[in-house]
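First up is the structure itself, then whatever we jot down about it.
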4 protein chains.
Amino acid sequence: MDIKAIVEESDTLPGRVFDLVVQALIVLSIVTFSVETLPDLAAGTRELLGVAEVVITLLFTLEYFLRLYAAESRVGYALSFYGLIDLLAVLPFYIASGVDLRSLRIFRLLQLLRLMKLFRYSKAIRRFSRALVIAREEILLFSVITAMLLYLASVGIYYFEHAVQPDAFKSIFHSLWWAVATLTTVGYGDIYPITTGGKIFTFVVLMVGLGIVAVPAGLLASALSQVGMEEREEQSQGR
Amino acid sequence: MDIKAIVEESDTLPGRVFDLVVQALIVLSIVTFSVETLPDLAAGTRELLGVAEVVITLLFTLEYFLRLYAAESRVGYALSFYGLIDLLAVLPFYIASGVDLRSLRIFRLLQLLRLMKLFRYSKAIRRFSRALVIAREEILLFSVITAMLLYLASVGIYYFEHAVQPDAFKSIFHSLWWAVATLTTVGYGDIYPITTGGKIFTFVVLMVGLGIVAVPAGLLASALSQVGMEEREEQSQGR
Amino acid sequence: MDIKAIVEESDTLPGRVFDLVVQALIVLSIVTFSVETLPDLAAGTRELLGVAEVVITLLFTLEYFLRLYAAESRVGYALSFYGLIDLLAVLPFYIASGVDLRSLRIFRLLQLLRLMKLFRYSKAIRRFSRALVIAREEILLFSVITAMLLYLASVGIYYFEHAVQPDAFKSIFHSLWWAVATLTTVGYGDIYPITTGGKIFTFVVLMVGLGIVAVPAGLLASALSQVGMEEREEQSQGR
Amino acid sequence: MDIKAIVEESDTLPGRVFDLVVQALIVLSIVTFSVETLPDLAAGTRELLGVAEVVITLLFTLEYFLRLYAAESRVGYALSFYGLIDLLAVLPFYIASGVDLRSLRIFRLLQLLRLMKLFRYSKAIRRFSRALVIAREEILLFSVITAMLLYLASVGIYYFEHAVQPDAFKSIFHSLWWAVATLTTVGYGDIYPITTGGKIFTFVVLMVGLGIVAVPAGLLASALSQVGMEEREEQSQGR
């Protein structure tokens, strides 16, 4: 049994074990990464997390070289989407050694790409892709309409509220934040209209906007159930 | 007319009366349980609620033994999902006697399982199950994507807001609370971004997230209307 | 041309004029009713609104007697749904004369039923009824599930938050208000969990709840588009 | 190669370049317009923005005359929807010269119509129009029902909350603002019920309202996916 079969196949027992170990490591690295941000950690815990970080990164490095070794085309793997993610998941660790830790923080963000590796093992993603292809144009259209609506809403509310609330609605960009929080119906409550005109404008924008912003999700759901239906039909036809 | 017919069947008059009485008791026990939590109750009311509690529990105990007696396989019933719920609905009451009442509170939570007994009498639940089976894989996929999105959003906002709002965005776990409140569009307003970067990030996350988080409900609705359509077709074909 | 043709038919010109006048009066009465609640009205405006109120009520009374006169079966109309609404739309005005005005306020609520008269003239409502019949059972099931979910969420959050926030989460009924504001994603921000347990519980409840609460709207939309499709098919088949 | 081919056609290379330049100018004018509203701009930046404004407006003016010149019927173009938008996009600039700048602000709103020119170049809008035609009646019906629901909710909450919160729920119009923020689930948190009756009323309104307000988006999504399906079928049939 060679390394190729273990690393690349997931039908064999060693292959499945390898996959499960890698996935467990990804989850573990996410957990340690999150726990590290807790402010009042004991020194011992922080030390343990540092050790775990080193071990996980070394294991990911080993995995990267195993995949590189097992790949049909090594350059192909290194330049593939997942190859780059695998590399980016370990590289920041080695680059950081010797550099000031704080400036490194921004690179830590890249470690999150480890998360995306979870996708590689999922077959279900294919159905999602098909649904996206079906609903692609409509989703694009609604994204454009939503963007326009957000902008028009920002300009409108700016003219209604700027004079009365110059701090909250300081510029169209500040108004845009209101438009995002309102049209997505999040409504934090940090910024809202207080003039009668602004409230009526908000009402109009919401009535139009709710029928727009919620459509992409509906389209995606509709396309997904259609793809599901087609697959079930294909299966029942024995294909 | 034996006990079996009363307890287990719901087509006969005594069976239907038995079912209705049990359901009324469940609702009554929920009401008394809720009223008990009101802080400024008169001593008389509190006493009355205590008596009602005892009576209802005794009746549920009687029901449990009746069901146990009437069941084809007594061990089978005792170990079945509903058998366990029936038991858990009365057991805390007997375990509590002699023990301090306050430590018991956590067990009271289990009494809520009484609620789930309402399900047993419903036939409509079957259609819901069928729809869940149809949309199962997609709902699972979207749950995973939603979880990933929540995590990525938490990490992102942590990097944008932690320096400016160290109390609100204390750690990635605190940021996760923001991500939940934001992506579900609840938006309590207890935690929200104030930096420009954080606001732009929130905008991007919401644009992507709204098209993801709302999809499972759409899938479920779509599957349900499909199941309903199939059933109507089957009926019209005289099957 | 007799009164019957004017009051009951809407194909003839006088009938259409009669209908339009009645509808305009309904809208006018809604506007005056709303304006009356404004706190800082001038005495002259208030007087004018009072006069308008009297005139509108007299015209509605006249309309009621015309409909009563024109009806095939007078008792039938008087006891019909719309007959009762027509009566309730004017009765509070006559009952009020002589009684203290403030105690009358609650009866004013009934005047709102005037609004419902707008429905009589709409044909589109039929399609909506058909869709409701199609999706009836599923909507009922989801209402029950939603009610159970709301209750379970209330009890759960009560146990997590009561000790820390005894004022906000005073009883299960107070927690129910939180559950309503949260699961509908309104999230006013007047009540929200602050304990870690309560936040995790909120997360779980929302993940389950969003897939439940939004389903009835999806079912209704699905049923409506189905009814619309069937109607278009019937029309294209020349039926 | 005459001007007509450049201005009106988008299949030829010069025509495509012309379109792209116009679109880039529109986006640029939106950006400068937004940046101008920022309060703490340096004098140099503000000057630059002013120059950009003049240049963009002159180019739009040139474009307007080119389109006027190239049009088959010049009066027809001038009076067409897009002709008027093209005119309104530049006119405020010339009207403003000589007038006080502050009074001009309200006219600046019209410049936003430039945005709508983006639509001219989009073909995808046709599918959206077809879906709107399919779902038109249902969307209209639900708009009417939503309006009625909003009004009834306002009156109801006014009676419950006015006595306790006379400032927040000052009149039915103020309550309407609550109804909009609540039924759209935005929930800013600036106005919410505090009485038990008001909270129960809110619960009832939300349970009914959520199943109403979210329906138009569902209908639109359903109609859009139907139009998309029909188009794919037509294509696969070689039509």
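A compact table of results
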{"item": "Accessible area of region B:133-238 belonging to carbon and sulfur atoms, whole % at 1.4 Å probe", "result": "64"}
{"item": "Inter-copy label distances at B:Leu140 (7 Å, Cα→Cβ; nm, one decimal)", "result": "3.3, 3.3, 4.6"}
{"item": "B:Lys199 accessible area, assembled protein chains, probe 1.4 Å, Å²", "result": "50"}
{"item": "Amide proton proximity set for B:Ala168, modelled H, under 5 Å, gap of 5+", "result": "none"}
{"item": "With every protein chain in place, region C:1-73: carbon and sulfur % of accessible area (1.4 Å)", "result": "68"}
{"item": "Region A:1-82: C-alpha gyration tensor shape, a/c 1.5 cut-off, then a/b vs b/c", "result": "prolate"}
{"item": "Accessible surface buried once C binds D (1.4 Å probe; total of both sides; Å²)", "result": "3400"}
{"item": "HN-Hα J in Hz across region C:132-146 - Karplus 6.51, -1.76, 1.60, θ = phi - 60°, x for Gly and Pro", "result": "5, 4, 4, 8, 3, 4, 5, 4, 4, 4, 6, 5, 5, 4, 4"}
{"item": "Separation between Cα centres of region C:54-79 and region A:158-218, rounded to whole Å", "result": "46"}
{"item": "Length gained when the stretch B:Glu53-B:Glu231 is fully extended (0.36 nm per residue, less Cα-Cα span)", "result": "59.8 nm"}
{"item": "P(r) of region B:133-238 over all Cα-Cα pairs, binned every 5 Å from zero, in whole percent", "result": "2, 12, 19, 18, 12, 9, 7, 6, 5, 3, 3, 2, 1, 0"}
{"item": "Accessible area (Å², per residue) of region A:133-238, counting only protein heavy atoms and a probe of 1.4 Å", "result": "38"}
{"item": "Accessible surface of A:Ile30 - all protein chains present, 1.4 Å probe, nearest 10 Å²", "result": "30"}
{"item": "Solvent accessible area, Å² - D:His174, 1.4 Å probe, full protein context", "result": "60"}
{"item": "For the B-to-C rotation axis, chain B residue with nearest beta carbon and its distance in angstrom", "result": "B:Gly189, 3"}
{"item": "Protein-protein interface of region B:22-63, residues with accessible area decrease of at least 30 Å², isolated chain reference, 1.4 Å probe", "result": "B:Phe33, B:Ser34, B:Thr37, B:Leu38, B:Pro39"}
{"item": "Residue-by-residue Karplus 3J(HN,Hα) for region D:173-180, coefficients 6.51, -1.76, 1.60, Hz, glycine and proline x", "result": "5, 5, 5, 4, 4, 4, 4, 5"}
{"item": "For region C:48-60, Karplus couplings with θ = phi - 60° (6.51, -1.76, 1.60), whole Hz, Gly/Pro x", "result": "4, 4, x, 4, 4, 4, 5, 4, 4, 4, 4, 5, 5"}
{"item": "Pseudo-label separations to other copies for A:Arg74 - Cα-to-Cβ vector, 7 Å, nm", "result": "7.3, 7.3, 10.4"}
{"item": "Ascending list, in nanometres, of distances separating the A:Arg16 label from those of the other copies (7 Å, Cα toward Cβ)", "result": "5.2, 5.3, 7.4"}
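The values are calculated or read from the model by the stated rules, or taken from the named source; none is laboratory data. Not measured: the values here are computed from a predicted model. Every residue, glycine as well, gets a Cβ built from its backbone with ideal geometry; the counts of neighbours run over all protein chains shown. Note: accessible area is taken over every heavy atom of the protein model, side chains too, but ligands, DNA and RNA are not part of it. Shrake-Rupley method; radii C 1.70, N 1.55, O 1.52, S 1.80 Å.
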